[in-house]
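The values are calculated or read from the model by the stated rules, or taken from the named source; none is laboratory data. Since the model is a prediction, treat every value here as computed from it, not as a measurement. Glycine also receives a Cβ, built like all others from the backbone with ideal geometry; neighbour counts cover every protein chain displayed.
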Amino acid sequence: MTKKNPNALAPDHWIWSKFDELNAQHFRGQLEPPQEILRLQSTTWAALTVNTMANGTPCRLIWLDGEALDTDPSVAADSLLHEMVHYELAAQANGDGDQTHGTRFVVRADEIGRSLGLPSCCLPGFTAEQHLQIARIWPKVQRQAVQITSAK
Ligand SMILES: [Zn+2]
């Protein structure tokens, strides 16, 4: 019997319904649920990791900022959506766990962003390097930009 990771979120945690909701909304429900969604301790980062299990199948894990999970569900949900884009791209690339924010990521993020009324990662007047920085924190930074603009 495999030992459960103590940081794994329980099957009845709200994040799992959020995964299903975002999957249906943006990925036509085609993403297989990851093996685990886990809580990261004392960090603001989120991540997708892909390992190959002994039987050869990929083991995909989504890690989310533990503090956001407890105190700011909308930030945790945005982090989840970000990782789900990596997840989809990783699945298309046969599970290479691609964590980059290159063209493939930006195209997909912007497609989802448009449906949410969010600005593109490629804001005019910014360099390619800055677009990459923006993509790295998509969609949180786009939401903040919309809030700032609408507060004017
Ligand atoms: Zn990322």
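Can you say whether Gly66 is at pLDDT below 85, closer than 25 Å to Pro6 by Cβ and not aliphatic (A, V, I, L, M), as far as the supplied structure shows? In short, no. Does the stretch 88-107 contain at least one residue that is assigned to a strand (DSSP E or B) and free of Cβ contacts under 8 Å to residues at least 40 places away in the same chain? No.
Please tell me if Ser74 is surrounded by fewer than 17 Cβ atoms within 10 Å (Cβ to Cβ), touching a helix residue (DSSP H, G or I) at 6+ places or on another chain (Cβ under 8 Å), among the hydroxyl-bearing types (Ser, Thr, Tyr) and at pLDDT below 95. No: the conditions fail for Ser74. Test Ala145 against the stated conditions and say whether it is farther than 20 Å from Gln35 by Cβ, out of contact with any strand residue (DSSP E or B) (no Cβ under 9 Å at 6 or more places or on another chain), within 15 Å of the ligand (Cβ to nearest atom) and part of a helix (DSSP H, G or I). Answer is no for this residue. Restricting Trp45, Trp16 to those that are closer than 24 Å to Trp138 by Cα, in contact with a strand residue (DSSP E or B) (Cβ under 9 Å, 6 or more places away or on another chain) and assigned to a loop (DSSP other than H, G, I, E, B) reduces the list to Trp45.
Applying the condition of being within 12 Å of the ligand (Cβ to nearest atom) and either of a type in the set (D, E, K, R) or crowded, with 20+ Cβ neighbours inside 10 Å (or both) to the stretch 91-103 and asking which residue is modelled with the lowest pLDDT yields Asp98.
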